[in-house]
Amino acid sequence: MVSINYNERIPNNVDLTENRRLQRALESWLPNYLSWWDELGPEGTQGYDVYLRTAVDVNADGWANFDYVKMPEYRWGIFLNEPVPDRKIAFGDHKGDPVWQEVPGEYRSTLRRLIVTQGDTEPASVEQQRVLGQTAPSLYDLRNLFQINVEEGRHLWAMVYLLHAHFGRDGREEAEMMLERHSGDPDKPRILGAFNEPTPDWLSMFMFAFFTDRDGKYQLASLAESGFDPLARTCQFMLTEEAHHMFVGESGVMRIVKRTCEVMDELGTDDPERIRQAGAIDLPTMQKWINFHYSVSVDLFGQELSTNAANYYTQGLKGRFHEEKIDDDHRLVDYTYPVFMLQGDKIVEEQHPALTSVNEKLRQDYIDDCQRGVTRWNKVIEKHGHDLRLRLPHRGFHRAIGNFAEVKVSPDGKVISEAEWTKNVSDWLPTESDKEFVKSLMKPCYEHGKIADWIAPPTRGVHGNPFEYEYVKFN
Ligand code: BYC
């Protein structure tokens with residue numbers, strides 16, 4: 001058997017060569033990972049040469065190397081940001097103590113659970129996007145999809161590294177399980193709801209990258225505050241890659257909005273039927289996609305009042321977004337936070353202990369960030385002189401987790417009856433016929449410099465190359 005030099009296969013800054021035990025663990029996991037990629041990664045793409053960014057180091061020179069790569073040969077590396085000397089825990093009961101380089105025994109199972117939940121989302125998203133390579137609107141978009149896919153794969157490696165390096169046999173078992181649960185599998189689904197939803201078309205893809213990857217940003221940023229330093233440092237590095245995924249989402253939706261506005265201008269109408277007949281996606285349809293992807297992503301922040309979240313915080317395992325920039329005592333014992341609660345058939349804001357409201361605070365940060373993106377999309381519509389505005393539905397709309405899971409809430413935030421919901425839901429969420437329509441537009445457009453009719457080209461290409469560049473070679 002030809003032996004593989006795993007140190008070369010796995011670029012890393014964790015001294016893999018010095019740690020034989022860890023190296024062996026990763027050696028035995030890698031072939032399983034590659035079979036998973038083959039079976040559930042981007043379909044039918046094994047031979048493609050893709051112009052990809054690969055991280056070979058964490059410094060400015062190393063983390064963005066561009067070259068043509070066949071995806072199964074992508075060098076999935078293990079990178080942690082450099083340690084901050086004398087870093088101290090910034091919050092909770094251990095505030096001011098030195099950060100932990102090893103897992104504290106009493107927090108072992110909690111930390112493992114957090115790492116597993118985070119890790120599980122990464123391969124899930126690759127599975128969800130598996131078939132999109134067959135219908136990309138341009139080579140540029142196809143390349144961006146694959147970039148996201150390989151980086152989500154690397155993010156799985158990041159979590160699997162932590163499990164292997166710090167959680168012994170349990171960690172190895174959890175690493176195997178990451179490849180056994182599958183998105184949408186009725187018997188072994190992925191852990192969190194949004195990661196079991198299909199991403200069947202490119203409108204969904206861009207919405208997912210905008211809304212669901214943005215949950216990733218906020219969750220990773222909270223874990224980047226962790227007192228468990230290896231987790232903090234790995235999440236800090238993941239965030240640098242995550243930024244591109246959100247760019248793909250925001251600019252993707254923006255380009256669809258732009259194209260739709262151009263078509264509305266050309267036709268002199270905003271009649272959705274006529275826009276559709278002209279092969280573009282009308283704004284009310286986009287609104288339904290926003291309503292869906294936003295609401296399933298808002299669920300990812302967990303219950304509004306959560307003792308789990310309070311414990312993660314008190315124990316110094318998971319902080320708040322930009323913890324150290326917040327002006328309070330970072331223990332939160334005497335603080336309150338406004339939380340939206342259900343009182344009969346009314347939604348009211350109540351003050352609750354800040355500790356149990358940590359999920360809700362993170363959700364609020366996320367909502368504010370989403371709103372900024374939606375405002376930028378609306379600027380395009382405004383510039384074209386059209387009246388319609390896209391908007392985020394109320395946070396209680398279409399929820400499956402938390403205070404609003406048991407009731408029906410309209411996009412404008414009214415608690416409504418089942419009958420009223422049933423009467424209106426087809427105006428609020430994508431219907432089968434909406435999905436069929438969007439699907440009908442999904443035709444691959446792989447000629448250099450060409451783009452599908454329903455989306456505008458990007459303003460710039462990748463890494464200084466023009467939009468016309470041959471980002472993917474099919475061989
Ligand atoms: N679906 O006390 P609660 C990303 C469960 S995305 C299903 O609120 P907690 C990415 C919960 O497990 C970022 N179940 O829970 C994006 C708990 O179960 P038990 C992923 C859910 O722990 C795009 C029960 O309900 N990272 O990186 O405070 C592409 C009670 O709830 C859900 C993380 O999520 C749900 N949505 O909050 C690629 C960070 N929500 O104990 C990648 C790690 C809650 O009753 N995870 N439950 O059995 C966490 O911090 C927390 O687990 C959560 C949940 C914030 C998700």
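The values are calculated or read from the model by the stated rules, or taken from the named source; none is laboratory data. Nothing here was measured: the structure is a model prediction, and the numbers come from that model. Methodologically, a virtual Cβ is constructed for each residue, glycine included, from the backbone with ideal geometry; neighbour enumeration extends over all protein chains shown.
Counting only residues that are surrounded by fewer than 24 Cβ atoms within 10 Å (Cβ to Cβ) and not in a helix (DSSP H, G or I), which one in the stretch 110-132 is nearest to the ligand (Cβ to nearest atom)?
Arg130
Residues His463, His398: which one is surrounded by 18 or more Cβ atoms within 10 Å (Cβ to Cβ) and part of a loop (DSSP other than H, G, I, E, B)?
His398
Of all residues in the stretch 38-69, how many are surrounded by fewer than 18 Cβ atoms within 10 Å (Cβ to Cβ) and either among the hydroxyl-bearing types (Ser, Thr, Tyr) or in contact with an Asp or Glu (Cβ under 6 Å, 6 or more places away or on another chain) (or both)?
Within the stretch 38-69, residues that are surrounded by fewer than 18 Cβ atoms within 10 Å (Cβ to Cβ) and either among the hydroxyl-bearing types (Ser, Thr, Tyr) or in contact with an Asp or Glu (Cβ under 6 Å, 6 or more places away or on another chain) (or both) number 2.
Taking the conditions exactly as written (closer than 24 Å to Asn12 by Cβ, of a type in the set (Gly, Ala, Ser) and modelled with pLDDT of 95 or more), does Ala209 satisfy them or not?
Here the answer is no, as Ala209 does not meet what is asked.
Condition first: within 16 Å of the ligand (Cβ to nearest atom) and over 17 Å from Tyr312 (Cβ atoms). Now tell me which residues in the stretch 330-341 satisfy that.
Scanning the stretch 330-341 gives Val339, Phe340, Met341.
Quick one: how many residues across the stretch 211-226 are farther than 25 Å from Arg391 by Cα and either surrounded by 24 or more Cβ atoms within 10 Å (Cβ to Cβ) or within 8 Å of the ligand (Cβ to nearest atom) (or both)?
Within the stretch 211-226, residues that are farther than 25 Å from Arg391 by Cα and either surrounded by 24 or more Cβ atoms within 10 Å (Cβ to Cβ) or within 8 Å of the ligand (Cβ to nearest atom) (or both) number 5.
Taking the condition farther than 24 Å from Val99 by Cα, out of contact with any Ser or Thr (no Cβ under 8 Å at 6 or more places or on another chain) and without any contact (Cβ under 8 Å) to a residue 40 or more places away in the chain, does Glu180 pass?
In short, yes.
Against the definition (over 29 Å from Pro31 (Cα atoms) and either touching a residue at least 24 places away in the same chain (Cβ under 8 Å) or within 14 Å of the ligand (Cβ to nearest atom) (or both)), how does Arg172 come out, yes or no?
Here the answer is no, as Arg172 does not meet what is asked.
Identify all residues within the stretch 184-204 that are more than 11 Å from the ligand (Cβ to nearest atom) and buried (at least 21 other Cβ atoms within 10 Å of the Cβ); write none if there are none.
Those that are more than 11 Å from the ligand (Cβ to nearest atom) and buried (at least 21 other Cβ atoms within 10 Å of the Cβ): Asp201, Trp202, Leu203, Ser204.
Out of the stretch 417-452, which residues are within 27 Å of the chain's Cα centre (by Cα), in a loop (DSSP other than H, G, I, E, B) and not hydrophobic (A, V, I, L, M, F, W, C)?
Pro430, Thr431, Lys443, Pro444, Tyr446
For the stretch 133-143, give me each residue that is part of a helix (DSSP H, G or I), touching a helix residue (DSSP H, G or I) at 6+ places or on another chain (Cβ under 8 Å) and crowded, with 24+ Cβ neighbours inside 10 Å.
Hits for the stretch 133-143 are Asp141, Leu142.
Restricted to the stretch 382-402, and to residues that are within 16 Å of the ligand (Cβ to nearest atom) and touching a strand residue (DSSP E or B) at 6+ places or on another chain (Cβ under 8 Å), which residue is nearest to Ile191 (Cα to Cα)?
Arg399
Considering only the stretch 257-305, state which residues are in contact with a Phe, Trp or Tyr (Cβ under 6 Å, 6 or more places away or on another chain) and closer than 20 Å to Arg395 by Cα.
Matches in the stretch 257-305: Asn291, His293, Tyr294, Ser295, Ser297.
When you scan the stretch 153-169, how many residues do you find that are away from the ligand (no atom under 16 Å from the Cβ), surrounded by fewer than 23 Cβ atoms within 10 Å (Cβ to Cβ) and not aliphatic (A, V, I, L, M)?
Final tally of qualifying residues: 3.
Could you please find all residues in the stretch 80-103 being free of Cβ contacts under 8 Å to residues at least 24 places away in the same chain, part of a loop (DSSP other than H, G, I, E, B) and either of a type in the set (Val, Ile, Thr) or under 19 Å from Arg233 (Cβ atoms) (or both)?
Val84, Pro85, Asp86, listed by residue number.
Determine whether Thr240 is surrounded by fewer than 22 Cβ atoms within 10 Å (Cβ to Cβ), at negative phi, hydroxyl-bearing (Ser, Thr, Tyr) and within 16 Å of the ligand (Cβ to nearest atom).
Yes: the conditions hold for Thr240.
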